[in-house]
């Protein structure tokens, strides 16, 4: 209600008395949508600050104002040294003017996000503070007064929709009216309406909180934080409390959103890696195959491409694909090595999940602390507290998925070595941008499935993007099975030798 007609009516009356004998000595702006007016009567200065942001339009009256030396612009030079004649409030309108000598006036139009300060010469608008509101140039002061019939007859004709007829009251007043008159009969409403009008015409001023927002109210509603009798003092107090209140809630909500996002990201990370972990823990076929081969060595011979053996656990037949050039024992060793690599991956996932759970606990505690904060000072102290330290137990690769195939992209040179030499299986497909530094990329092999062409192209795009050729329009990418990639002793991190390769051309794409 700080821009309500009934409040501005009290304020303009106060300003009329206060500014008698004052002249305008400065009018300038040093912040967007903020105008400062200094008036002086040879003994003291009086400042009016009009903050006309689209989200919050409000006047205030600072005791002192230090003008910046830079980024400050003088406005409305026509009114400098003009004496105040009167402050005039327009009837049933959220506008008032400070009328000056020689037919000049400043019109304060307090219309929320369309608020403006307008220079008027001889009743007609000539210059605008917020210049983009072009229609304000067509304002004529003689047309601003608006009439409302406050008779009993008009009230009874409009009491079903009073907020439309008595448009000057405002939302806060009508909320109060409905709560106070909800159980009254129609004949009892008129006396209550007279009481309401009296409160608006001869008010005290209340700074209240309602539904989490601060208001300057002319009636007692919501949670009353402060009561004042001077309209300028009330507006000053409201302005400073509102700015502090909004800063607190804005910063608190920003912190809460950041923490909620971090909590959600940690939960998603844990969920995704637990799924991978469960999948790997239940995928024990390499260990089983190795055990079955070792238990049946006497029935097997070199040259077999596959064999079917009976499981120890459920007596069901198990088909095992073999390398015909290796004896059964060597085939078993290959499966044991793959099982060992699986276990390495399982251990890394468990460590990563454990570290992320610790981080999640710290984030949850910090979230609760911020939720309980009630003032700006505490919030700013909490804002400068160090964030929960993340443990650097992370997988050496980024994982992507395409058409059901997992694609791993190494994070850096050291991670490339770990990915290729420890985590990749011989049957996995290995990719790398040709002749430049870049990430090793692995497409995980799936038993009984060939690598689809579009999956290979997708992985090649990632390899190209994560290389020095990421800005090229086309990039050559090496594609080979991991078993044809080896590392020589003494080679730097990430450097490998490829014994057989194919090259495809793709567009680098993340």
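The values are calculated or read from the model by the stated rules, or taken from the named source; none is laboratory data. The structure displayed is predicted, hence computed values, not measured ones. Here the Cβ positions follow ideal geometry from the backbone for every residue, glycine too, while neighbour counts run over all protein chains shown.
Here is a yes/no grid of residues against (1) modelled with pLDDT under 90; (2) in contact with a helix residue (DSSP H, G or I) (Cβ under 7 Å, 6 or more places away or on another chain); (3) farther than 30 Å from residue 318 by Cα:
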position: 367; (1), (2), (3): yes, yes, yes
position: 384; (1), (2), (3): yes, no, yes
position: 400; (1), (2), (3): no, yes, yes
position: 407; (1), (2), (3): no, yes, no
position: 434; (1), (2), (3): no, no, yes
position: 447; (1), (2), (3): yes, no, no
What is the residue count in the range 4-29 for residues that are surrounded by 19 or more Cβ atoms within 10 Å (Cβ to Cβ), in a loop (DSSP other than H, G, I, E, B) and out of contact with any strand residue (DSSP E or B) (no Cβ under 6 Å at 6 or more places or on another chain)?
1
Return yes or no: is residue 267 within 28 Å of residue 341 (Cα to Cα), surrounded by fewer than 18 Cβ atoms within 10 Å (Cβ to Cβ) and under 25 Å from the mean Cα position of the chain (by Cα)?
yes
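Mind listing whichever residues of the range 132-168 are closer than 30 Å to residue 178 by Cα and assigned to a helix (DSSP H, G or I)?
Step one: of the range 132-168, the residues closer than 30 Å to residue 178 by Cα are 144-168.
Answer for the range 132-168, where residues must be closer than 30 Å to residue 178 by Cα and assigned to a helix (DSSP H, G or I): 152, 153, 154, 155, 156, 157, 158, 162, 163, 164, 165.
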So in the range 30-50, with the set limited to residues that are in contact (Cβ under 8 Å) with a residue 60 or more places away in the chain and in a strand (DSSP E or B), which one is nearest to residue 70 (Cα to Cα)?
35
Of the residues that make up the range 104-115, is at least one outside any strand (DSSP E or B) and more than 22 Å from residue 31 (Cα to Cα)?
no
So which of 288, 293 is assigned to a helix (DSSP H, G or I), touching a helix residue (DSSP H, G or I) at 6+ places or on another chain (Cβ under 8 Å) and surrounded by 12 or more Cβ atoms within 10 Å (Cβ to Cβ)?
293
Just checking, does the range 243-258 include any residue being outside the structural domain of residue 62 (by TED's automatic domain parsing), under 30 Å from the mean Cα position of the chain (by Cα), modelled with pLDDT of 90 or more and buried (at least 16 other Cβ atoms within 10 Å of the Cβ)?
no
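In the range 267-279, is there at least one residue being in a loop (DSSP other than H, G, I, E, B) and free of Cβ contacts under 8 Å to residues at least 60 places away in the same chain? Full working, then the answer.
So the first thing to find is which residues in the range 267-279 are in a loop (DSSP other than H, G, I, E, B), and the list is none.
The answer is no; no qualifying residue exists.
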Are there any pairs with C-beta distances below 6 angstrom linking a residue in the range 158-176 that is in contact (Cβ under 8 Å) with a residue 12 or more places away in the chain and in the same structural domain as residue 224 (by TED's automatic domain parsing) to a residue that is in a loop (DSSP other than H, G, I, E, B) and surrounded by 14 or more Cβ atoms within 10 Å (Cβ to Cβ), with the two at least 6 apart or on different chains, and if so which?
168/92; 170/1; 170/4; 172/1; 176/219; 176/221
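Give the range 169-181 a look and list any residue that's assigned to a helix (DSSP H, G or I) and over 11 Å from residue 196 (Cβ atoms), or say none.
Going residue by residue through the range 169-181, those that are assigned to a helix (DSSP H, G or I) are 171-181.
Within the range 169-181, 171, 172, 175, 178, 179 meet the criteria.
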Does at least one position in the range 463-475 carry a residue that is modelled with pLDDT of 90 or more, outside the structural domain of residue 323 (by TED's automatic domain parsing), touching a helix residue (DSSP H, G or I) at 6+ places or on another chain (Cβ under 9 Å) and surrounded by 19 or more Cβ atoms within 10 Å (Cβ to Cβ)?
yes
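If I filter the range 215-230 for residues that are buried (at least 17 other Cβ atoms within 10 Å of the Cβ), in a helix (DSSP H, G or I) and either in the same structural domain as residue 13 (by TED's automatic domain parsing) or touching a residue at least 24 places away in the same chain (Cβ under 8 Å) (or both), do I get at least one hit?
Of the residues in the range 215-230, the ones buried (at least 17 other Cβ atoms within 10 Å of the Cβ) are 215-219, 221-222, 228.
Those left that are additionally in a helix (DSSP H, G or I): none.
Within the range 215-230 (the criterion being buried (at least 17 other Cβ atoms within 10 Å of the Cβ), in a helix (DSSP H, G or I) and either in the same structural domain as residue 13 (by TED's automatic domain parsing) or touching a residue at least 24 places away in the same chain (Cβ under 8 Å) (or both)), the answer is no, since none of the residues qualifies.
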Exactly one of (1) out of contact with any strand residue (DSSP E or B) (no Cβ under 8 Å at 6 or more places or on another chain); (2) at pLDDT below 90 is unmet by residue 359. Its number?
(2)
Output yes when any residue across the range 77-100 is in a helix (DSSP H, G or I), within 22 Å of residue 4 (Cβ to Cβ) and not assigned by TED's automatic domain parsing to the domain that holds residue 171, and no when none is.
no
For residue 138, all conditions in the list (1) surrounded by 12 or more Cβ atoms within 10 Å (Cβ to Cβ); (2) out of contact with any helix residue (DSSP H, G or I) (no Cβ under 7 Å at 6 or more places or on another chain); (3) touching a residue at least 12 places away in the same chain (Cβ under 8 Å); (4) in the same structural domain as residue 89 (by TED's automatic domain parsing) hold save one; what is the number of the exception?
(1)
Sole residue being in contact with a strand residue (DSSP E or B) (Cβ under 7 Å, 6 or more places away or on another chain) and under 25 Å from residue 280 (Cα atoms), chosen from 449, 444
444
Determine the pairs where a residue that is surrounded by 14 or more Cβ atoms within 10 Å (Cβ to Cβ), located within the range 299-316, has a partner that is outside any loop (DSSP other than H, G, I, E, B) with Cβ atoms under 6 Å apart, the partner being 6 or more residues away or on another chain.
300/328; 307/320; 309/292; 309/318
